[in-house]
Amino acid sequence: MFLGLWRYLSGTLEIAIEGAQPETLVNLAVAEGLDLWHLRRRPGQVWGRIRASHFRHLRPLCRQARCRVRIRGRRGWPFLQRRIRRRPYLVGGCLLSALALAWALGHIWEVEVRGTALMDPRAVQAELYHLGLRPGAWRFRLRPAELERRLTERVPEVGWASVRLEGVRAVVQVLERTAYRPPPDPGRVDLVSDRDSCVVETVVVFQGQRRVQEGEAVRLGQVLIEGGLYGFTSPPIRLPYVQEWPPTPDKPLGPRVARGQVVARCSYEGYLEVPLVREEPVPTGRRRWQLGLRWGSRDILLLGGPVPAAGYREASRRTAGFAGWRNWLPPVELDMVAYEEVRVHRVPVPEAEAVQAAVREYLARLTWQLQPGTGQVVGPPAVAVSTRTPEYLGVRIRLETREAIGRPQPAATGTPGTEEPNVGGHPDI
């Protein structure tokens, strides 16, 4: 091993001995103490290896043996050093690549969280970001034991954590706590109306006390189903002189969260202005071309002059990019854009078509506001033209919908369940 290393550092020449008796030269070289090895016979030749510093001592021996020596190859550090000196930029590139690789291997580029079942792993990654474990962090500054301790302190849902640094990736294994924490008591929550000018159609109570009846008009914020729970002061026994039946519960028992569904018919009225003149672009047949280079976020114009913003529109665009490597794409591409000249023609729109366009637009706006699955438009819209000019038409539209109008709202003040019950209501508890 050490002999081979010494021969590599001193330099080795692979030679071919030609002559009538090449063995004579080999014997003379060995007798002179020259280092020859790896000898093998070829037709009319003997090949072998010799140290570079001993090669100059073969010349007088070649005259005695009447042989010729040819160099077939050069190996070793002295010859490699000469090649390196001829290519300084190659050496510099290798050094820079080695430094860049060492710098990249010294950072963490991916943080993976494992073991989360009920928690969002992004919440754990956010806490690790504040603790210093983030993509691009210097790995030699990270202390896994310290990160594990601080993570369990900052995130109560994590009972145990393990941080491992695997190359340029950090793997965080967590174990969630299994203890159940009951949510805080919200108190009394009523179901109130979130619409105005609606007439109640159906009321379904799952929990709570009904406060509205079918056919009753409700306003915005009115209580539909109260979250209080009531009982009876006395057993509900029907007496001959009692006209009201069934009786209304009047004994407060405690707060509850109102649950149910109230469906009502609501009316909406809106005003829209639609144009009576439509502008249509018509191509004239003239075109202009541009060839540009896109470098990152910069656009460089190579061929073609500037195109006026008015009177021209983009007809076609072709993009030619360069081949990338794996997931990396070069930030350079060519854009070939064709613009065509257009003339705007004003075309009159019939009044009936303008009214239909207004109704479609208002229906699209209203459908977007309605709750999916429960809200729907009922009956045809009522349309009235209120404004008429040569340029636009003002249309007033009235629509009726059937939708669920209840939303939960905590009770503002008062002791839960102490309000006066509705005399005309039914004991839907």
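Only one of the listed residues (GLN376, GLN356) is closer than 27 Å to GLU269 by Cα, of a type in the set (S, T, N, Q) and without any contact (Cβ under 8 Å) to a residue 24 or more places away in the chain. That residue is GLN356.
Pairs linking a residue in the range 163-175 that is closer than 20 Å to ALA123 by Cβ to a residue that is of a type in the set (Ser, Thr, Tyr), with Cβ atoms under 7 Å and 6 or more positions apart or on different chains, are GLN173/SER162; VAL174/THR116.
If you go through the range 108-152 and keep only what is closer than 13 Å to GLU176 by Cα and of a type in the set (Asp, Glu), you end up with just ASP120. Does VAL163 satisfy the condition of being assigned to a strand (DSSP E or B), outside the structural domain of PRO121 (by TED's automatic domain parsing) and modelled with pLDDT of 90 or more? In short, no. Of the residues making up the range 276-332, those that are among the charged types (D, E, K, R), under 32 Å from the mean Cα position of the chain (by Cα) and either surrounded by 12 or more Cβ atoms within 10 Å (Cβ to Cβ) or assigned to a loop (DSSP other than H, G, I, E, B) (or both) are ARG294, ARG326.
Look at the range 40-53: where a residue is assigned by TED's automatic domain parsing to the domain that holds SER10 and a partner is modelled with pLDDT of 85 or more and polar (S, T, N, Q), sitting 6+ places away or on another chain with Cβ atoms under 7 Å, you get ARG49/THR12; ARG51/THR12; ALA52/THR12.
Of all residues in the range 111-151, those satisfying the criterion of being in contact (Cβ under 8 Å) with a residue 60 or more places away in the chain and not basic (Lys, Arg) are VAL111, GLU112, VAL113, GLY115, THR116. No other residue among LEU118, LEU128, LEU133 is assigned by TED's automatic domain parsing to the domain that holds ARG164 and modelled with pLDDT under 90 apart from LEU118.
Is it the case that ALA31 is modelled with pLDDT under 85 and surrounded by fewer than 12 Cβ atoms within 10 Å (Cβ to Cβ)? No: the conditions fail for ALA31.
Within the set PRO156, PRO186, the sole residue that is out of contact with any Asp or Glu (no Cβ under 8 Å at 6 or more places or on another chain), surrounded by 11 or more Cβ atoms within 10 Å (Cβ to Cβ) and in a loop (DSSP other than H, G, I, E, B) turns out to be PRO186.
Yes or no: THR12 at pLDDT below 85, surrounded by 15 or more Cβ atoms within 10 Å (Cβ to Cβ), polar (S, T, N, Q) and not assigned by TED's automatic domain parsing to the domain that holds GLY167? Against the criterion (at pLDDT below 85, surrounded by 15 or more Cβ atoms within 10 Å (Cβ to Cβ), polar (S, T, N, Q) and not assigned by TED's automatic domain parsing to the domain that holds GLY167), THR12 does not qualify.
Which members of the range 8-52 meet the condition of being assigned to a helix (DSSP H, G or I) and not hydrophobic (A, V, I, L, M, F, W, C)? Listed by number, the residues that qualify are TYR8, SER10, PRO22, GLU23, THR24, ASN27, GLU32.
Every residue in the range 333-383 that is small (Gly, Ala, Ser) and surrounded by 11 or more Cβ atoms within 10 Å (Cβ to Cβ), please. Answer for the range 333-383, where residues must be small (Gly, Ala, Ser) and surrounded by 11 or more Cβ atoms within 10 Å (Cβ to Cβ): ALA338, ALA354, ALA357, ALA358, GLY375, ALA382.
The values are calculated or read from the model by the stated rules, or taken from the named source; none is laboratory data. Values in this document were obtained by computation on a predicted structure and should not be read as measured data. Here the Cβ is made from the backbone with ideal geometry for all residues, glycine too, and neighbour counts use every protein chain on show.
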